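The structure appears right after this line, and notes come after that.
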Amino acid sequence: MPRKITPKVSIICAAYNEEANFEEHLKSLVNQTYKNKEIIVVDDGSTDNTAEIGKRFSRKYKFLKFYSINHKEGYGCVRPRLEAIKHAKGKVLCIVDADGYYGKENIKDGIKRLFSSDKIAAVVPRMHAWNPDNFIAKYRAMVYE
């Protein structure tokens, strides 16, 4: 019988002005069927309600931690992701985009695939994008699908 592998997964989410879809994004993360997880959200100085949504979720879910940093131009999502990683306690890092949502089995399927062979070092599971409204977003959504 195969051994069940359930390492702790740290889900890393950098967010900046994601108010329009952020609640649905976070719901898709907290509703993952994979149980041994923590979600670490770092808001990069959003000027909309992104931080309030993140704080509300961190109060409701003990496994979701929320942090804020001051925004600095030119760093994109790298700086908040690095900040989130400092707080990660998991054996596996799962870096997600804050402008998408994930199927309930996303983490479970990713872990299953990741540990299916010693030759696999990383897995990129499927992400869904919301109604892309420009060429780059449409292309990215097509690639993700």
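Worth pointing out:
- Which listed residue, of Val92, Val124, Val78, is at pLDDT below 90, touching a Gly at 6+ places or on another chain (Cβ under 9 Å) and more than 17 Å from Leu26 (Cα to Cα): Val124
- Of the residues contained in segment 72-90, none is found to be in contact with a Ser or Thr (Cβ under 6 Å, 6 or more places away or on another chain) and open to solvent by 50 Å² or more (accessible area, probe 1.4 Å).
- Among the residues making up segment 95-117, those that are farther than 20 Å from Lys27 by Cα and open to solvent by 60 Å² or more (accessible area, probe 1.4 Å) are Lys112, Arg113, Phe115, Ser116.
- Top-ranked residue of segment 1-37 - restricted to ones that are touching a Ser or Thr at 6+ places or on another chain (Cβ under 9 Å) and closer than 17 Å to Gly103 by Cα, ranked as least open to solvent (accessible area, probe 1.4 Å): Phe22
The values are calculated or read from the model by the stated rules, or taken from the named source; none is laboratory data. These numbers come from a predicted model, not from an experiment. Note that we place each Cβ from the backbone using ideal geometry, even for glycine, and neighbour counts take in every protein chain shown. Quick note on the areas: whole protein, heavy atoms, side chains included, nothing else; ligands and nucleic acids left out. Shrake-Rupley method; radii C 1.70, N 1.55, O 1.52, S 1.80 Å.
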